[in-house]
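Asker: This is the structure, below, for whatever I ask next.
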Amino acid sequence: MVNCKRCKDKPVYNRLCKSCFLRYFEKKVRKTIREFKLIEKNDKILVACSGGKDSTSVLYLLKKIFSKRKDLVIEAIAIDEGIKEYRDKNLKFLKKFCEKEDINLYIYSFKKEFKIELDAIIKDEKPCSICGVLRRKLLNQMAKKLNATKLVTGHNLDDECQSILMNQFRRDVKTSARLGPKTGILVDKGFVQRIKPFYLMLEKEVAIYAFLKGFMQQLNECPYEKVSYRADIRDMINNFEQKYPGTKNSTITSFLEILPVLKKEYKNKGNLKHCKECGEPCSQDICQGCKIIQKLLRKT
Ligand code: SF4
Ligand SMILES: [Zn+2]
Ligand SMILES: [Zn+2]
């Protein structure tokens, strides 16, 4: 076996041993935060957690990196969509983790906030599109309520590649303009800015980091994930990466080159209103989330 390229120890990934890999990973995340100016002085940071490997790792690492910064507050927020055997298990793990790490955790549920549970409504609907819109809405609403200045997500390089291609295939370039390590195109006090410290980390790297740190005892996947459009795109990109290594990195690098142009283009075309029902920023009179809730409640 070939030894670690830095210290000659036993390698765990890409010719790096455990400690050299952890150092490489943490250094790259620090660099991402610095280069894209993701965190500023006096930020109140809320980490959107699912109890999965990505968000648990990002929460852990931000606490570690900024442990000496007295001006920053780092807390966690989670959404319970009502997915039995999945979200309840993940939330149990997350609660324990936050207790151990002494992190404040806020949990909000679709049931309490929207009178809806995902398991009960998916029969003839696409679960991920409903879940995604409602979760984003609730996270933004609650982040504002908690006076957060940044909402951190555990999105990694693979997630971003998938989003870019999904938008491309659906001819939805405007949505891509909102992507990037710092999301958004329009500045509005109704939006809490989302940041992605794992933007340049491969999914595989985050999985190894989580495993080495012991955050991956429970491999628990959402039952609806398999039937999503994203899952098909993910498989396609993974096949491509295997055949043509470097595809994922090239996708992100070229996207970052055109992103400033996209942001500028769609900033001028922005038509920002506020939802008449809930007050959230949106492009029409009623936001997508309220439309979905009204439709679902009419059916019940
Ligand atoms: S996989 Fe789909 S349904 Fe499951 S948590 Fe994610 S967005 Fe929601
Ligand atoms: Zn080493
Ligand atoms: Zn609304």
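Asker: In segment 168-184, which residues are in contact with a Leu (Cβ under 8 Å, 6 or more places away or on another chain) and not basic (Lys, Arg)?
Answerer: Val173, Ser176, Ala177, Leu179, Gly180, Pro181
Asker: Which condition does Glu203 not pass, out of (1) more than 28 Å from Arg23 (Cβ to Cβ); (2) within 16 Å of ligand 1 (Cβ to nearest atom); (3) touching a residue at least 40 places away in the same chain (Cβ under 8 Å), if it passes all the others?
Answerer: (1)
A quick yes/no check of all residues on (1) surrounded by 13 or more Cβ atoms within 10 Å (Cβ to Cβ); (2) away from ligand 1 (no atom under 16 Å from the Cβ):
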residue: Met1; (1), (2): no, yes
residue: Leu16; (1), (2): yes, yes
residue: Ile45; (1), (2): yes, yes
residue: Gly52; (1), (2): yes, no
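Asker: Can you run down the residue pairs with Cβ atoms below 7 Å, 6 or more apart or on separate chains, where the first is in segment 87-108 and more than 24 Å from Ser67 (Cβ to Cβ) and the partner is in a loop (DSSP other than H, G, I, E, B)?
Answerer: Arg87/Glu81; Lys89/Gln218; Lys89/Asn220; Asn90/Ser50; Asn90/Gly51; Asn90/Gly52; Asn90/Asn220; Leu91/Gly51
Asker: I'd like to verify a number: residues in segment 248-289 that are touching a residue at least 24 places away in the same chain (Cβ under 8 Å) and of a type outside the set (Lys, Arg), how many?
Answerer: Total satisfying the criteria: 19.
Asker: Still on this model: So which of Ser109, Ser67, Ser55 is under 30 Å from Thr247 (Cβ atoms) and out of contact with any helix residue (DSSP H, G or I) (no Cβ under 8 Å at 6 or more places or on another chain)?
Answerer: Step by step, each of Ser109, Ser67, Ser55 is checked, and only Ser55 is under 30 Å from Thr247 (Cβ atoms) and out of contact with any helix residue (DSSP H, G or I) (no Cβ under 8 Å at 6 or more places or on another chain).
Asker: Across segment 201-229, which residue is modelled with the highest pLDDT among those that are farther than 17 Å from Lys53 by Cβ and surrounded by 17 or more Cβ atoms within 10 Å (Cβ to Cβ)? Talk me through it step by step, then tell me what you get.
Answerer: Step one: list which residues in segment 201-229 are farther than 17 Å from Lys53 by Cβ, which gives 223-224, 226-229.
Remaining after also requiring surrounded by 17 or more Cβ atoms within 10 Å (Cβ to Cβ): 224, 228.
Values: Tyr224: 86, Ser228: 83.
Filtering first and then ranking leaves Tyr224.
Asker: Being modelled with pLDDT under 95 and over 25 Å from the mean Cα position of the chain (by Cα) is the filter; apply it to segment 241-270 and report the residue that is surrounded by the most Cβ atoms within 10 Å (Cβ to Cβ).
Answerer: Here the residue is Lys269.
Asker: Also, quick follow-up: Taking only segment 109-128 into account, find how many residues are modelled with pLDDT under 90, in a helix (DSSP H, G or I) and surrounded by fewer than 14 Cβ atoms within 10 Å (Cβ to Cβ).
Answerer: Qualifying residue count, segment 109-128: 1.
Asker: A further question on this structure: Take segment 269-296 and flag every residue that is away from ligand 1 (no atom under 16 Å from the Cβ) and not in a loop (DSSP other than H, G, I, E, B).
Answerer: Passing the criteria: Lys273, His274, Pro281, Cys282, Cys290, Lys291, Gln294, Lys295.
Asker: Does at least one position in segment 184-206 carry a residue that is among the aromatic types (Phe, Trp, Tyr), under 28 Å from Arg30 (Cβ atoms) and within 15 Å of the chain's Cα centre (by Cα)?
Answerer: yes
The values are calculated or read from the model by the stated rules, or taken from the named source; none is laboratory data. As the structure is a computational prediction, the values presented were derived from the model and not from experiment. Here Cβ is always computed from backbone atoms with ideal geometry, including for glycine, and neighbour counts include all displayed protein chains.
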